[in-house]
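Peer 1: This structure is in structure tokens; I'll ask about it shortly.
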Amino acid sequence: MAGSSPRRVVITGAGTVNALGRDVAATVDAMAEGRSAIGALDFPDVERLSMRIGAQVRGWVPGDLFDGARLSLYDRFTQFALVAGREAMAQAGLDAVPGDPTRWGAVIGTAGGGNGTVNDAFRAVFAEGKNRVHPFTVPRLMNNAAASHLSILWGLMGPTFSVATACSSSNHAIGLAVQMIRAGMADGMLAGGAESMLNFGGMKAWEGLRVMSPDGCRPFSLGRNGMVQGEGAAVFVLETLEAAQARGAEILAEIKGFAMTSDAGDIVMPSVEGAARTMRMALADAGVSPDAVGYINAHGTGTTANDRTEAAAIHAVFGARAGQVPVSSTKAMHGHCIGATGAIELLACLMALRQGVIAPTVGFTAPDPDCPLDVVPNTAREAQVTTVMSNAFAFGGLNAVLVLGRV
Amino acid sequence: MQDQIIEIIAREAVLEPAQVRPDMTLEDIGLDSLGLVEMIFSIEETFGISVPFNANEPGETRFDLSSVGSIVAAVEELISEQGTPAVA
């Protein structure tokens with residue numbers, strides 16, 4: 001790439017499907033109201049689970065959203081990604097990518113990929129004794145299905161791939177898309193995450209780890225007892241600041257900094273040092289000091305281990321300001337959407353930057369001395385912020401932090 | 001039955017059963033959080049019982065994890081409550 005200054009990457013479109021809403025407007029309205037979408041799960045064999053709550057997308061009728069011929073190729077996670085992608089492109093004012101389509105791609109984070117398709121196929125052969133599964137089982141279940149269908153639908157002929165790093169998948173996907181645009185490998189990307197594991201097999205696996213809450217997600221709260229799953233997708237249109245300004249696009253935010261690191265420690269237990277190191281690196285990449293950050297969207301899963309560790313890491317990075325900077329976990333509203341969670345949570349970051357509303361941590365009952373943070377308990381708050389941070393700390397010890405700012 | 005429970009605990013801690021005494025804590029035998037979850041799974045599968053345990057609130061359960069001896073007693077109680085052992 002010519003030019004001495006690095007390319008700046010901005011968000012010009014955003015789209016989502018999650019239990020809070022079928023689009024960005026409904027989702028941020030719910031976040032501002034502090035509404036939780038967690039409720040009783042509804043799918044076959046749910047009565048055989050011991051954890052029966054989640055944030056499920058209700059009343060989803062794929063036949064109303066896609067034409068029949070294509071639909072048989074779309075797992076639920078792909079459906080979510082495509083609907084979110086459609087909204088993101090419309091928001092960006094695009095009916096086709098601007099410029100050279102060989103320089104646009106898609107990167108979508110997902111942990112489970114077509115987990116529902118796997119569940120259906122296994123049920124057919126193991127439980128129902130069938131000897132045949134749907135012929136498109138493999139193209140539906142593959143982790144890159146959502147990214148590939150986005151590329152097919154929008155004619156994106158540049159780099160397209162999926163990222164599967166558990167709870168960090170979305171932040172990694174968005175961060176890598178930023179790096180590819182910065183590096184000149186692409187001029188624009190659709191980036192985000194998609195997940196749908198709310199089925200009997202998917203939830204049975206999670207239940208086994210004994211980290212799920214039977215009664216609710218209460219991040220950073222005394223007496224919290226685990227995570228609650230959600231599902232959905234969020235997709236963003238990313239392009240250079242220069243290109244966005246040239247075509248007169250509305251700029252939602254700039255992605256100023258990104259860092260990804262590994263703890264190289266435990267496969268499930270988080271690390272204070274790893275989380276703190278990643279936050280510092282993302283701030284350094286953005287060229288801003290911790291003092292500039294006006295809101296942190298926490299990973300905040302509601303497990304005892306994550307929230308305690310994350311609070312300690314925020315204290316290590318933010319020092320005396322750690323107790324003052326607003327920190328919230330929106331997972332108590334939309335559930336932990338695993339590979340999609342960082343993308344959906346980025347909507348809370350955009351709300352803070354653009355509307356001056358800090359999403360609350362709902363379900364909060366009492367402060368935990370292990371988590372001495374201002375978690376914006378239960379009720380949203382107005383605040384003018386110019387720089388925000390979004391954390392994701394995944395199983396496998398994989399950390400991903402994004403820093404966003406106003407343009 | 002006590003021997004069988006201790007055998008499971010020892011296996012998860014990568015010890016010989018003879019090295020595991022009832023007064024030892026999970027820390028003493030070097031069992032971490034993942035090892036504990038796997039041990040509980042193994043106990044459930046072996047005896048056909050369900051053990052109430054959430055890793056987020058290990059102290060809240062009536063399944064007393066304070067020592068090897070307390071675990072053995074808790075398993076024996078669950079077996080007597082929940083039915084005949086699946087394995088003779």
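Peer 1: Not counting the cut sites, what is the longest span of chain A without GluC sites (Glu not before Pro) that DSSP labels loop and that have at most 13 other Cβ atoms within 10 Å?
Peer 2: A:251-407
Peer 1: Moving on. For A:ALA320 and A:ASP215, calculate 0.36 nm times their separation in residues minus their Cα-Cα distance, and state this gained length in nm to one decimal.
Peer 2: 34.4 nm
Peer 1: Moving to a separate point now. With θ set to phi - 60°, apply the Karplus curve 6.51 cos²θ - 1.76 cosθ + 1.60 along the stretch B:54-69 and write out the HN-Hα couplings as whole Hz, x wherever there is a Gly or Pro.
Peer 2: 10, 4, 6, 9, x, x, 7, 6, 7, 7, 6, 9, 5, 7, 4, x
Peer 1: Considering only the other residues whose Cβ falls under 13 Å of the Cβ of A:GLY319, what net charge follows from Lys and Arg at +1 and Asp and Glu at -1?
Peer 2: That sum, taken over residues with Cβ under 13 Å, equals +1.
Peer 1: Can you order the peptides A:143-150, A:92-99, A:34-41 by their average number of other Cβ atoms within 10 Å per residue, highest first?
Peer 2: The packing order, highest mean first, is A:143-150, A:34-41, A:92-99.
Peer 1: For Cα pairs less than 8 Å apart in space and 6+ apart in sequence, what is the mean separation divided by the residue count of chain A, i.e. the relative contact order in percent?
Peer 2: 24 percent
Peer 1: Give me the Kirkwood hydrodynamic radius of the stretch A:257-405, using the inverse of the mean 1/r over all pairs of distinct Cα atoms, in Å to one decimal.
Peer 2: Over the stretch A:257-405, the inverse of the mean reciprocal pair distance is 14.9 Å.
Peer 1: Right, next: Using a cut-off of 15 Å between beta-carbons, work out the net charge of the residues near B:ASP28 (Lys and Arg +1, Asp and Glu -1, B:ASP28 not included). Let's see the in-between values first.
Peer 2: Values: positive: B:ARG21; negative: B:GLU12, B:GLU16, B:ASP23, B:GLU27, B:ASP32.
So the surrounding residues net to -4.
Peer 1: Then there is this: As a test of understanding, state the convex hull volume per residue of the stretch B:2-82 from its alpha carbons, in Å³.
Peer 2: On the way: hull volume 6.4 nm³, N = 81.
So the per-residue Cα hull volume is 78 Å³.
Peer 1: Still on this structure, I have one more. So what is log10(I(q)/I(0)) for chain A at q = 0.06 1/Å, when the Debye sum runs over its Cα atoms only?
Peer 2: -0.21
Peer 1: What's the extension gain from A:GLU382 to A:ARG132 if we count 0.36 nm per residue and subtract their Cα-Cα distance?
Peer 2: Details: separation 250, 0.36 × 250 = 90.00 nm, distance 5.57 nm.
Contour length minus Cα-Cα distance gives 84.4 nm.
Peer 1: Per-residue ellipticity at 222 nm for the protein assembly as shown, helices alone: DSSP H runs ≥ 4 residues times -39500 (n - 2.57), over residue total, nearest 500 deg cm²/dmol?
Peer 2: Computed mean residue ellipticity for the protein assembly as shown: -10500 deg cm²/dmol.
Peer 1: Something else: At a Förster distance of 25 Å, what's the computed FRET efficiency of B:GLN19 paired with A:LEU222, Cβ-Cβ distance as r, to 0.05?
Peer 2: That gives a FRET efficiency of 0.05.
Peer 1: Can you give the relative contact order of the stretch A:9-246 as a percent, counting alpha carbon pairs under 8 Å and 6+ residues apart? Working shown, then result.
Peer 2: On the way: 497 pairs, mean separation 75.1, N = 238.
Value for the stretch A:9-246: 32 percent.
Peer 1: OK, next. For chain B, what's the relative contact order in percent, using C-alpha pairs closer than 8 Å and at least 6 residues apart?
Peer 2: 32 percent
Peer 1: Could you state the per residue volume, in Å³, of the convex hull enclosing the Cα atoms of the stretch A:230-309? Mind showing how you got there, number by number?
Peer 2: Values: hull volume 11.9 nm³, N = 80.
That works out to 149 Å³ per residue.
Peer 1: Also, I was wondering about something else. Only residues of the stretch A:228-263 count here: report those whose backbone N is under 17 Å from the spot 7 Å along Cα→Cβ of A:ALA205, or say none.
Peer 2: Under 17 Å, as judged by backbone N against the label point of A:ALA205, lie A:228-232 of the stretch A:228-263.
Peer 1: May I pose another question? Among the DSSP beta bridges whose two residues both lie in chain A, what percent are antiparallel, rounded to the nearest 5?
Peer 2: Restricted to chain A, the bridges split so that about 70 percent are antiparallel.
Peer 1: Counting only protein heavy atoms and using a 1.4 Å probe, what share of the accessible area of the stretch A:257-405 belongs to carbon plus sulfur, as a whole percent?
Peer 2: 56 percent
Peer 1: Now for a different question. How long are the semi-axes of the equivalent ellipsoid of the stretch A:1-63, defined as square roots of 5 times the Cα gyration tensor eigenvalues? Whole Å, largest first.
Peer 2: 37, 15, 13
Peer 1: Now for a separate question. What are the radius of gyration and Dmax of the stretch A:55-167, computed over its Cα atoms and given in Å?
Peer 2: For the stretch A:55-167, the Cα radius of gyration and maximum Cα-Cα distance read 15.4, 52 Å.
Peer 1: Given that compact globular proteins tend to follow 2.2 N^0.38 Å, what is the ratio of the alpha-carbon Rg of the stretch A:122-252 to that value?
Peer 2: Dividing the Cα radius of gyration by 2.2 N^0.38 Å gives 1.38.
The values are calculated or read from the model by the stated rules, or taken from the named source; none is laboratory data. Because the structure is a prediction, the values reported are computed rather than measured. Because the Cβ atoms are built from the backbone with ideal geometry, glycine has one as well, and the counts that use them run over all protein chains shown. Side chains included, ligands, DNA and RNA excluded: accessible areas come from the protein's heavy atoms. Shrake-Rupley method; radii C 1.70, N 1.55, O 1.52, S 1.80 Å.
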